[in-house]
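Derivation of every value follows stated rules applied to the coordinates shown; laboratory data play no part. Just so you know, these numbers come straight off a predicted model, no measurement behind them. Cβ: placed from backbone, ideal geometry, glycine included. Neighbour counts: every protein chain shown.
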Amino acid sequence: MLSCDIPHRTAIRSLIGKAWEHNFTELKKELAQSVGKISLTMDLWDDKSMRALDGRGELALHSALIGFLPMPGHHFGQDLVKGLLFITNRVNITDKIMFITMDGASNMAAMMQDFEHLLMARFIDFDSANQQIICFPHCLHVTVTAMLRECTSTEALENPTGEFDLTEDDPVNPSSQTPTQALQHDPVAITRNIANTIRSSQLHHEEFKEIVTTGNC
């Protein structure tokens with residue numbers, strides 16, 4: 001293979017753009033033929049450069065990514081709803097939305113309320129309270145975080161990479177500990193200490209890897 005056989009980056013970009021336009025056109029046709037309601041799922045996150053990105057997908061018998069937008073600036077509900085409405089308008093499903101699954105952040109709830117008001121202005125029925133579904137993994141994450149906050153020290157939360165004084169005057173045999181006794185010995189801080197120790201050097205990391213490998217044989 002010669003260098004001339006490899007497409008230039010501009011040619012690849014052009015091919016990707018044409019493929020996207022073709023697939024997006026076919027997706028719009030498929031959505032237009034949908035006789036029922038369409039449910040969405042959406043999420044908002046930061047990449048490694050701390051740029052906010054917003055992804056939305058249609059979940060039914062078929063699934064598709066219908067939008068992936070950069071979201072610069074503030075992430076208030078009134079800002080997020082513009083992105084949501086832009087995407088639903090672009091694929092012509094604004095009047096077909098049944099449920100929207102998302103995390104339970106307050107700005108998402110505010111966005112849904114703004115979305116309801118905008119749809120009401122178009123005489124489209126939408127109930128933000130009953131048509132918003134909170135993502136179960138997010139609920140689980142919030143629950144576990146709250147539980148951990150109650151059973152670890154403030155110092156452990158504020159300084160997750162620091163060392164903690166876990167010296168006990170009267171050590172308890174782990175095999176005979178009750179759950180309450182175990183929580184009193186701050187298992188979160190202990191686990192963080194172990195993790196920090198393992199990550200502190202390549203030697204510790206290799207020894208831990210050997211323990212895991214041997215223990216799982």
Got a sec to turn the phi values of the stretch 74-85 into Karplus ³J(HN,Hα) couplings, 6.51 cos²θ - 1.76 cosθ + 1.60 with θ = phi - 60°, whole Hz, x for Gly and Pro? 6, 10, 6, x, 5, 7, 5, 5, 5, x, 4, 5
Proximal lysines to Lys96, defined as alpha-carbon separation beneath 25 angstrom and excluding residues fewer than eight positions away on the same chain: Lys28, Lys29, Lys37, Lys82
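What does the charge count near Gly215 come to, summing +1 for each Lys or Arg and -1 for each Asp or Glu among other residues with Cβ under 13 Å from its Cβ? Walk me through the numbers before you get to the answer.
Details: positive: Lys209; negative: Glu207, Glu210.
Residues close to Gly215 contribute a combined charge of -1.
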